[in-house]
1. For Lys17, go through the lysines and keep the ones whose alpha-carbon is under 29 Å away, minus same-chain ones fewer than eight residues off.
2. Give or take rounding to whole Å, what are the principal axis extents of the alpha carbon atoms in the stretch 562-698, in descending order?
3. Please report the Cα spread of the stretch 301-445 along all three principal axes, rounded to whole Å, starting with the longest.
4. Put +1 on the Cβ of each Lys and Arg and -1 on the Cβ of each Asp and Glu in the stretch 433-548; which of Val480, Gly524, Thr455 then has its Cα farthest toward the positive end of the dipole?
5. Based on alpha-carbon positions alone, could you give the equivalent ellipsoid semi-axes of the stretch 360-496 from the gyration tensor, as √(5λ), descending, whole Å?
6. Would you mind pulling out the separation of the Cα centroids of the stretch 1-67 and the stretch 526-576, in Å?
7. Any chance you could get the radius of gyration and Dmax over the Cα atoms of the stretch 257-297, in Å?
8. Across bins of 10 angstrom width beginning at 0, how are the C-alpha pair distances of the stretch 1-152 distributed, in whole percent?
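Coordinate-derived values only; no laboratory data. Predicted model, so just to flag it, every value in this text is computed and none were measured. With ideal geometry, Cβ positions are generated from the backbone for all residues, glycine too; neighbour counts draw on all protein chains shown.
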Amino acid sequence: MSTMMGVAHTRLEGREKVTGAARYAVEFPADDVTYGWAVPASVTRGRITRIDPAPALAVPGVLDVLHHGHAPRLVPGVDATLFLLQEPAVHYRGELIAVVVAETLEAAREGARLVRIDYDTEPHSTVLTEHHPGLYRPDKVNPGYPPDTADGDFDAGFAAAQIRVDATYRTPAYHNNPMEPHATTARWQDGRLLVHDSNQGSSPVQSALAELFGLPREAVRVVTEHVGGGFGSKGYAKAPVVLAALAARQVGRPVRLALTRQQLFGPIGYRTPTIQRVRLGADPDGRISAVCHDAISQTSTIYEFAEQSAVYARSMYAGRHRRTTHRLVRLDVPTPFWMRAPGECPGAYALESAMDELATACGVDPVELRIRNDTAVDPDQGQPFSSRDLVACLREGAHRFGWADRDPTPGVRRDGRWLVGTGVAGSNYPARARAAAATATAAPDGTFEVRINATDIGTGARTALWQVAADALAVPGDRVTIRIGDSALPPAGVAGGSMGTASWSWAIIRACEGLRDRIRNSPGGTVPAEGLTVEVSTADEIRAQPPRPRYAYGAYFVEVRIDVDTGEIRLDRMLGVFAAGRIVNPTTARSQFIGGMTMGVSMALHEEGLLDERYGDWVNHDLATYHISTCADVDRIEAYWLPEEDADLNPAGVKGIGEIGIVGSAAAVTNAVHHATGIRIRDLPVRLDKLLERLPAR
Ligand code: MOS
């Protein structure tokens, strides 16, 4: 029986966080600590020919200027983006090529300003276009999908379709901006490395550091107690942890190193720009017969990161003739990385926009169009979905929003000087789980401790796992302690891919079940004085799970108003309805859904990395110029979820909720903009200057 799961609970560490007692990576005490400040390359492509540290070393308190000439050596081969301070080559503007270490943060910063660096430069290519000569087909796209798929005969099916949509959508670079930047405190002692680091999973960071520094895993410990957001960008070891560890080894003292806000725009990754062509062929009733999604994105010269943007179209809607392709080009840019729903998010913007265009072309209501193209069988894998409640999400959302009797005519509703319109979109996100280990310990006083190296990046994971553990132990929550966020705990995967709760709770439930068995079978059915501990791994069980299409679903409804004179865009209201298996903690789940939806609104209306081709770098690299939705932009935003039971997932029955909120969000906004104005914006973001000249006459 479940008494904790499904019940709203505030974060266990909430008081610590709001009182400032919770410690983040660079706040942990360290004796004799020093400060590192990273130095970015000022050219786009070339080689460092000379570094003159003298002006920096002349600043009182500066201890060293680490660079490729004398930094400790790393073992190559782990990940080229982490092979830092080893070579004179510069691969992109902003690459971190030196670290100034000083007694104070101020001295390190001043030193970094004064380091003199000369370069030989080479011509660069930094702009993604659909005709770039370097476009190629990668062997696979993240996280291991085939780049291209084909079923039926798309060309013939599309040519034969009575209604056709053929549209190309463009999305710019998007930059992860967690409140806490990527940051590390690193120290060496007796050949062992201890870091406090901000990341989404310290077990993989531990492995990366061990390989880079040529150490056994046990010689590296990564503590990740609290994290101020990541959104994917902290899903693996990033520059600060490597730079801090190098610097600490060099100066023989602990080093704290945090990136600046500006340094987050590039070195930690970003969502690749995309160019996506979507073609839909349908009959006059809107039943899709042919679907093709061709996605183009970029990667760097040092690492192949292939965003899986067209994967969404493989499984979302029905259609006999299907094709998807991915093409990539290596540019002189920072390596793109994960950003909330990598692939699904830009892909859904394109496909859910094309669905709206199809609805208009067929004269079919866009909610009804999606219902007509629902499918119980995954068109890609040919297998039934473990559960699929997209239609229920659409119906529930339409009811709550008041969608019935919507006039489909675009650009005709006025409220004073405002044009008013509504839009809808659907979404899916894969429900997966990854192997993890956990231990559960019983003490004779009736209390329990559950240990797993899960990571709470601000989502409420710690609290959800505590709820799961208490239910699995069948005891009240006040008798259970949960310990997470330390690579010394049983290893587990990252808080990413919406897999955290599914993966971690699987291991926790098995450990707790095992512990209850042990207690039952112990003499007298009681816990001995020394306590009882059970350790489990879910690796075998997860490997044995038959593959099957498993997804969470969502539907989004948006109302916008647009000033007919100025083009000013306001989001009046938005609601999302989700089917994501069991919801463990309604309080934190709601924040996850709303946060994802808000990020999609931000993508639709605000965020845009503006590249200056001459320098191959984004000019708007701070929060004054890179606009992100704020509270005032999302006044009325609501999230609901459907009770959903799916026995074919994992013992907790959860599907994961970290990313589903963002997936269809941007398209719902742009579809509403079209309904309000009659203007279809196919290159994000929608800005008022793109609307102004084309608005209906006042
Ligand atoms: Mo998420 S982008 O998989 O951390």
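1. Excluding near neighbours in sequence, the set is Lys234, Lys238, Lys655.
2. 54, 41, 25
3. 64, 56, 40
4. Of the candidates, Thr455 comes out farthest on the positive side.
5. Those come to 46, 20, 15 Å.
6. What the calculation gives is 28 Å, centre to centre.
7. 19.3, 60
8. 9, 22, 23, 19, 18, 8, 1, 0
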